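The values are calculated or read from the model by the stated rules, or taken from the named source; none is laboratory data. Since this is a predicted model, take the numbers as computed values, not measurements. Here the Cβ positions follow ideal geometry from the backbone for every residue, glycine too, while neighbour counts run over all protein chains shown.
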Amino acid sequence: MPGSGDHLPRRQKLCFIGDSGCGKTCLLTAATKGTFPEPYEPTTFENYVSDVDVRNIGRMELEIWDTAGQEIYDNLRALSYPDSQALVLCFSIGDPQSYHNLLEKWLPEATRFCPETPIFVIGCKQDLRFDPKTIGELQKSGQLPLTTAEGLAAAGRAGAKYYIETSAKGRYGIDSLLVIIAEEIQMTAQLEPVTSLARRFHEDARVINEERRNLRATGEILTPREKEYASRYTRVVDKPSSTVWKLQADQIVDKVANASRSGFFRKSS
């Protein structure tokens, strides 16, 4: 079994994925440059480099790829995935469509190109959850900003090790984000693979969609299976300016692995 992680290359590649305008670029600008970009300009493809201190191995250089979310770049975006050590799937807490697309577009695409790569799910623009203007606009179409429980459910469906909420505007969750990802890369390299982390696909989506049709009469926002996903995470007490949830260790080895073996999940082809 690998030991201390000394064999890891000092430069590690991260790929940030999600809808155009969901907050990826602002998040990365805040995390790597300490600024909030205004006005917003859609990203075509942008690369960042950031140095972080990682326990046991020292300095790690992160090569961060900010991918374009527009449909016209679908073929070009495929070139961003190779050699990624982590996939960071992003949605905007103030945009339910970006959450839907994370599950229906970005997760299947990412795992098709990188089926064994660790996943992180990030809820961007946390400041919009209680923003009166955002709430008012969403209510016109019978919607509301995404809840933490919904973010955790998405993380569970993705088999993500972490769910993290951030706000680039308020620097909420920014300072610890890259350190958490870098340390998880280092930890993952020390472990012999037990089984690939099970991620929800066709059968799982079908069951959830069936359950969702019964939600209207209950007033609930999550299906029973989504609630089970969300319950797999424990809040990590880190800093007042950070909200981080981590997948419980027994869920990684026991429940997720057993579910994979039993056929509860179906791996992508």
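Kindly evaluate residue 91 against the criterion of being assigned to a strand (DSSP E or B) and surrounded by fewer than 24 Cβ atoms within 10 Å (Cβ to Cβ). No. Restricting attention to the range 102-119, does a residue exist that is touching a helix residue (DSSP H, G or I) at 6+ places or on another chain (Cβ under 7 Å), among the acidic types (Asp, Glu) and within 26 Å of residue 187 (Cα to Cα)? Scanning the range 102-119, I find no residue that is touching a helix residue (DSSP H, G or I) at 6+ places or on another chain (Cβ under 7 Å), among the acidic types (Asp, Glu) and within 26 Å of residue 187 (Cα to Cα), so the answer is no.
Scan 184, 109, 137, 116 and give me the residue that is assigned to a loop (DSSP other than H, G, I, E, B), acidic (Asp, Glu) and over 20 Å from residue 223 (Cβ atoms). Steps first, answer last, please.
On the way: 184 fails: assigned to a loop (DSSP other than H, G, I, E, B); 109 fails: assigned to a loop (DSSP other than H, G, I, E, B); 137 fails: assigned to a loop (DSSP other than H, G, I, E, B).
Result: 116 is the single residue among 184, 109, 137, 116 that is assigned to a loop (DSSP other than H, G, I, E, B), acidic (Asp, Glu) and over 20 Å from residue 223 (Cβ atoms).
Among the numbered criteria (1) among the small types (Gly, Ala, Ser); (2) touching a strand residue (DSSP E or B) at 6+ places or on another chain (Cβ under 9 Å); (3) modelled with pLDDT of 95 or more, which single criterion is violated by residue 136? Looking at each condition in turn, residue 136 falls short on (2). Would you call residue 155 in contact with a strand residue (DSSP E or B) (Cβ under 7 Å, 6 or more places away or on another chain), modelled with pLDDT under 95 and either under 13 Å from residue 243 (Cβ atoms) or among the hydroxyl-bearing types (Ser, Thr, Tyr) (or both)? Yes: the conditions hold for residue 155.
Quick check on this structure: which one of 85, 97 is at pLDDT 85 or above, among the polar types (S, T, N, Q) and more than 28 Å from residue 129 (Cβ to Cβ)?
Working: 97 fails: more than 28 Å from residue 129 (Cβ to Cβ).
Answer to the check: 85.
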